[in-house]
1. For segment 107-159, max minus min Cα coordinate along each principal axis, in Å, sorted largest first?
2. So, in nm, how far is label His57 from label Leu112 when the simple model puts each one 7 Å beyond its Cα toward the Cβ?
3. How big is segment 65-124 along each principal axis, measuring the range of its Cα positions in Å and listing the largest first?
4. Using helices alone, what [θ] at 222 nm do you get for the chain, with -39,500 (n - 2.57) per DSSP H run of 4 or more residues, divided over all residues and rounded to the nearest 500?
5. If Lys and Arg each add +1 and Asp and Glu each add -1, what is the summed charge of the other residues whose beta carbon sits under 15 Å from the beta carbon of Leu32?
6. Hand me the trypsin sites (Lys or Arg not before Pro) from segment 75-134 located in a DSSP loop with no more than 12 other Cβ atoms within 10 Å, in residue order please.
7. Take every Cα pair under 8 Å in segment 41-176 that's 6+ residues apart, average their separations, divide by the length, and report that relative contact order as a whole percent.
8. Using the number of other C-beta atoms within 10 angstrom as an exposure proxy, rank Ser34, Ser28 with the fewest first.
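Bear in mind that the values in this text are calculations on the coordinates, not laboratory data. This is a predicted model, so every value here is computed, not measured. Ideal geometry is used to build each Cβ from the backbone, glycine not excepted, and the neighbour counts take in all protein chains shown.
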Amino acid sequence: MQGMFECINEKLKFGVKKIIVMIQRIQSLFLLISTILCGVLFFTPLIDFTSTNGLQHYEMTSRGLYHLTQNGVELISKNMAVTLFLALLVVLHIVCIFLYKNRVRQIRFTLLSAILLVAYFGVVIYIGFNHTAALDATFSIKQAMSLLLIAAIFDYLAIRFIKKDEALVRSIDRIR
């Protein structure tokens, strides 16, 4: 019985060491930061709307469009597509982190996630324009939308460092 616990303990130690080694790579850290930035977007407002007369205020998050009243917040419509798109981005970034053994595939998935970040920005702006017409309001982009740009920059940095790792491994293979 004690031998079984020692075996499990060794496997747990190996798993923790493996995760620590993976996070020690700078590109994994960049991807982790990008994942966190995308996750933060679930909880922050993306666009502010103000009616043309200035009396009505609305706020769009990744979860939906909310009417801000004196009595509180009222949900007007859900943005299920935007929520799923953002969830896809977070999952894709997590997958990129764990593809550290296959650098070429990690580069492709990270590039895909960077492209999807830009597409997400475009989708949110498009939906903002549509709500502007429906609400007879003007909109302003919140500062949280800049997190998308920062996440895309971290994706770009991760791709650069993954390519450097791949070049290093290929040069070592040539020496053998």
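1. Principal-axis extents of the Cα atoms in segment 107-159, largest first: 43, 19, 7 Å.
2. 4.1
3. 53, 20, 15
4. Per the formula, -24000 deg cm²/dmol.
5. Computed value for this residue: 0.
6. The qualifying sites are Lys101.
7. On the way: 170 pairs, mean separation 36.5, N = 136.
Reported as a whole number, the value is 27 percent.
8. Working: Ser34 30, Ser28 22.
By the 10 Å Cβ count, ascending: Ser28, Ser34.
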